[in-house]
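Undergrad: Input: one structure, supplied below.
Every number here is computed from the coordinates shown, using simple stated rules; none is lab data. The structure displayed is predicted, hence computed values, not measured ones. Here Cβ is always computed from backbone atoms with ideal geometry, including for glycine, and neighbour counts include all displayed protein chains.
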């Protein structure tokens, strides 16, 4: 069986890349494809076992490394250029266009869908605003491009033989947008690395890339109203300077942290605060693996990974006031770190690799028998 694994892109080591790492741990004989590949060698060794990636023409365009999303209108053309006709099995890991690769009827194409294309569907307005494309002629053209991409996205979803969704939340979006059913296999979480710590310190913690949709500003504004509660913020990004300027003295910014530093902060925090609407959200599970409860926005994947009043508390709206009230509610409750840790083990890397192996091998066997 000749196999190809195609991802939207490689430039950071994030949640989607952890999925790729686990798939490569199950099978080590994939040929790899992506629109771009700008990984450093350390991340390449972890994600791809050091293997090279066949990339599209976007890799060679000026400034692609700094901002590949400016070439959004070229993504469908770029992904369709890959010649995959010699492969028996194609796995796409997609939150953008990877699932749109050209396939034939004698090929099995399984898509692990992190999300339908966010900037073309539910986050279109935010994408246009953040890119400065929400007004004028550029705005009109950008909306025209996104409209074409939405139509392409729906049409090319038919190239997928079977969808795997990373959460029930995404399974519902796949059903609504593509009119397709999917099987939920939660992403792998390194629960063996993020180990239990029962002795907590007196601070709250949040960590993410500091970009608007993560809603870190709301967390900062909430803790500005809680002067006796310490908040530590990890991560960097476009909002870093702005957030530092508006934060009071009870809020500390530590910038980018590596995994070992992240683990230490998660282990010792009294709670992890999470304000984004995520498709799954790996870091709240990493926090719970450390025995640390989560204060989370009650939408998206968090509803599937956090148990109300047992492993965390929820707030219903993305607002500073709601986050503040959730913190005050949290402080009245008692949580058991061992119980929180036990819940997190249900999302382990070993569980993911077993489920993905069984699913793909069963589908390939059925597919082969029907050819």
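Undergrad: Name the residue, out of 95, 182, 319, whose mean-square fluctuation peaks in a Gaussian network model built on the chain with Cα pairs under 10 Å.
TA: So, out of 95, 182, 319, the one fluctuating most is 319.
Undergrad: Then there is this: Tell me, what is the Rg over Rh of the chain, with Rh the Kirkwood radius over Cα pairs? Before the final figure, lay out the partial values.
TA: Details: Rg = 21.0 Å, Rh = 21.6 Å.
Across the chain, the Cα-based Rg/Rh ratio is 0.97.
Undergrad: OK, next. Using the 10 angstrom Cβ neighbour count as an exposure proxy, how do 152, 27, 9 rank, fewest first?
TA: Details: 152 19, 27 16, 9 26.
Fewest-to-most ranking of 152, 27, 9: 27, 152, 9.
Undergrad: Sticking with this one: Give the separation of the Cα centroids, region 171-200 to region 331-365, in Å.
TA: Going from one Cα centre to the other spans 8 Å.
Undergrad: Report the Stokes-Einstein translational diffusion coefficient (µm² s⁻¹, integer) for region 231-302, Rh taken as the Kirkwood radius over Cα pairs, at 4 °C with viscosity 1.567 mPa s.
TA: In µm²/s, the coefficient rounds to 99.
Undergrad: Could you tell me the center-to-center distance, by alpha carbons, between region 56-104 and region 238-310 in angstrom?
TA: 32 Å
Undergrad: From the helices alone, meaning DSSP H stretches of at least four residues, give me the mean residue ellipticity at 222 nm for the chain, per-run term -39500 (n - 2.57), in deg cm²/dmol to the nearest 500.
TA: Numbers: 14 runs with 144 residues, N = 371.
Dividing the helical sum by the residues of the chain leaves -11500 deg cm²/dmol.
Undergrad: Checking a compactness column here: for region 204-347, what do you get for Rg(Cα) / (2.2 N^0.38 Å), N being the number of residues?
TA: Numbers: Rg = 13.7 Å, N = 144, 2.2 N^0.38 = 14.5 Å.
Rg over 2.2 N^0.38 Å, computed on Cα atoms: 0.94.
Undergrad: As I understand it, the value is the acute angle between the Cα axis of helix 15-26 and the longest principal axis of the Cα atoms of the chain; what does it come to in degrees, rounded to 10?
TA: 60 degrees
Undergrad: Given a 10 angstrom Cα cut-off, can you work out which residue in 213, 204, 141 is the most mobile in a GNM of the chain?
TA: Between 213, 204, 141, it is 141 that shows the largest mean-square fluctuation.
Undergrad: Mean separation of Cα pairs under 8 Å and 6+ residues apart, divided by the residue count of region 204-347: what relative contact order is that in percent? Don't skip to the end; give the middle numbers.
TA: Working: 269 pairs, mean separation 32.9, N = 144.
Reported as a whole number, the value is 23 percent.
Undergrad: If r is the Cβ-Cβ distance from residue 147 to residue 261 and R0 is 51 Å, what FRET efficiency results, to the nearest 0.05? Walk me through the intermediate numbers first.
TA: Values: r = 43 Å, r/R0 = 0.85.
Plugging the Cβ-Cβ distance into 1/(1 + (r/R0)^6) gives 0.75.
Undergrad: Over the alpha-carbon set of region 13-55, divide Rg by the Kirkwood Rh and report the Rg/Rh ratio to two decimals.
TA: 0.91
Undergrad: Tilt of helix 168-178 relative to the longest C-alpha principal axis of the chain, in degrees (0 to 90, nearest 10)?
TA: It works out to around 40 degrees.
Undergrad: Of 292, 195, 206, which has the largest mean-square fluctuation in a 10 Å C-alpha GNM of the chain?
TA: Per the Cα network of the chain with a 10 Å cutoff, 195 tops the list.
Undergrad: For region 301-355, evaluate the Debye formula with one uniform point scatterer on each Cα (no solvent term) and list log10 I(q)/I(0) at q = 0.15, 0.27 Å⁻¹, rounded to two decimals.
TA: The Cα Debye sum returns log10 ratios of -0.54, -1.09.
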